[in-house]
Structures are given as C-alpha cells and as structure tokens.
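Note sheet for the following structure.
Just so you know, all these numbers are worked out from the coordinates, no wet-lab data involved. Given the structure is predicted, the values throughout are model-derived calculations rather than measurements. No Cβ is skipped: glycine too gets one built from the backbone with ideal geometry, and neighbour counts run over all protein chains shown.
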Amino acid sequence: MGGLPNGSLLKTDRVEARMRTPGGTIFDLGVGGDFQPLPQGEGTAATYSPIYVRNDLYRRYKDMPVDLEIVYSATEMTRSDAGEMDALHGKRNYRSIGSCTSRMNSSESQIGVRCLQPGTIPLCISALLRRSDSSAANPVVMSCAPNYAPVYPVMIPDGTSRFTATLPFRDPDGVGRYAIEGRDVSRSVVEVKVYKPAAHMQRTLLIAGIKLARWSSQ
C-alpha cells in the first residue's frame, strides 16, 4: 500500500468482495479483513487485506479465470501524538493518553504497557518494542476501533480511561522467534503512537481473469 503520507496508516472500516465466474455467475464473498500488518515505520509499508473464499468455491473455480470486485471503505488515520520510553522501567506523559509506564512481566517473556488519562482517550493507538540503537523491532501491537461520531457517550465509572498493551519478546514454548529477544530488551524502547481520523474514502478494486490457485492461501 503506497501513497500514504509519513506518519499515517489506512484503517479498513469495511471490505466487501464479489466473484464472477466465466459463466457469469456472481458469488458474494462477504466481508473481508483489515489491512495487515499495519505500518511499523515511516514511509511506505507492505500490507495486505485478506479476502475469504468458501472452500467449495475455491475447489470448484481455483483453476478457472474469475473476476474479483473488492470495495474498500477506509479511513486515513494520521499520527497525532507519539513518543518512546525505556522498555524495562519506562515512564512518560503523553498529551493524549496521559501517564504511561512499561514493565517486564514476572516470567520475563513480555513487556506490559499501561496508560491512564482522566476523561476519554483516542481509540486508535499502537505500541511496539524497538532497539534504541537500530531499526530492529518486534511486530507492532495495534488497538484501533475508532468512533467517527462527532459526539459519543462513554461510560467511565471512575472518570479515568485506560490503554494497555502486551509486547511479547520471548515464546515460552520456544517455537516463535523475535527480532528483539533476551538481553536486547535492556537496550530497547517502547514506541507509542496515537492516531486520529483525517479522511474517509471508498475505492473499488477490479481484478480480471485471476486464477485463485495462484493466490497465497492463509
């Protein structure tokens, strides 16, 4: 996905897909998924949006040229606040999400991020674990479920909003591996970014004569 300004990302609000067979039959493939993975750094980042095809349709038409029509309703989210803090003993005040801390858990497998802010906070926030002396970083953790209403009621029993994120750096089962592991954590920071909606858009993507067998299935 290219063409987005630095410091912004594309949030999918809804993806609808249809498939037309060589005989002219149209199948509604339903709702697709959000863009994954979300950008981790500045500039253009590789993303994809999953489209779900029923098993019976895939088996029947996978080797035939079909047409796909995908309608994207999306929102450009621009960065409104950002900052970093030490991974192991971090503490930082952000103007939009309040006082944040970062600590390692007791099993030494992940960093926990907690933020407290009186009143409401933005609904699109990312956090990642990154080496302070390089661009090496673990996968970004994203919480993005924005409400576009000009005014929306939020029930906060104690008047304080909270944001939490878990940033793993070690798989307890020893299967998964991370760019940042073990002693690297002591030389790492937690990078937090906050986004706000900037523009809504709808785009239609038409893919003619595609064979589903050539696509990467997940």
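Among 92-100, 184-192, sorting by the average number of other beta carbon atoms lying within 10 angstrom of each residue, highest first, gives 184-192, 92-100. Structural size metrics of segment 80-195, computed from C-alpha coordinates, are Rg and Dmax of 15.0, 47 Å. Take every pair of alpha-carbon atoms less than 8 Å apart whose residues are at least six positions apart; their mean separation over the length of segment 99-197 yields a relative contact order of 38 percent. For the chain, a Gaussian network of Cα nodes joined below 10 Å ranks 168, 65, 197 by mean-square fluctuation, and the top entry is 65. When the Kirkwood radius is taken over all Cα pairs of segment 74-141, what Stokes-Einstein diffusion coefficient follows at 10 °C and 1.306 mPa s, in µm²/s? After rounding, the answer is 118 µm²/s. Expressed as a whole percent, the proportion of Cα-Cα pairs in the chain lying more than 30 Å apart is 38%. Ellipticity at 222 nm from helices only: DSSP H runs of n ≥ 4 in the chain, each -39500 (n - 2.57), divided by the residue count, give -1000 deg cm²/dmol.
Amide H contacts under 5 Å for residue 80: 194, 195, 196, restricted to partners 5 or more places along the chain or on a different chain, H placed in the peptide plane at 1.01 Å from N.
For the chain, compute the number of Lys pairs whose alpha carbons are separated by less than 29 Å, excluding pairs fewer than 8 positions apart on the same chain. Spell out each step's value before the answer.
Values: 11/91; 11/193; 11/196; 11/211; 62/211; 91/193; 91/196.
For the chain, the number of qualifying lysine pairs is 7.
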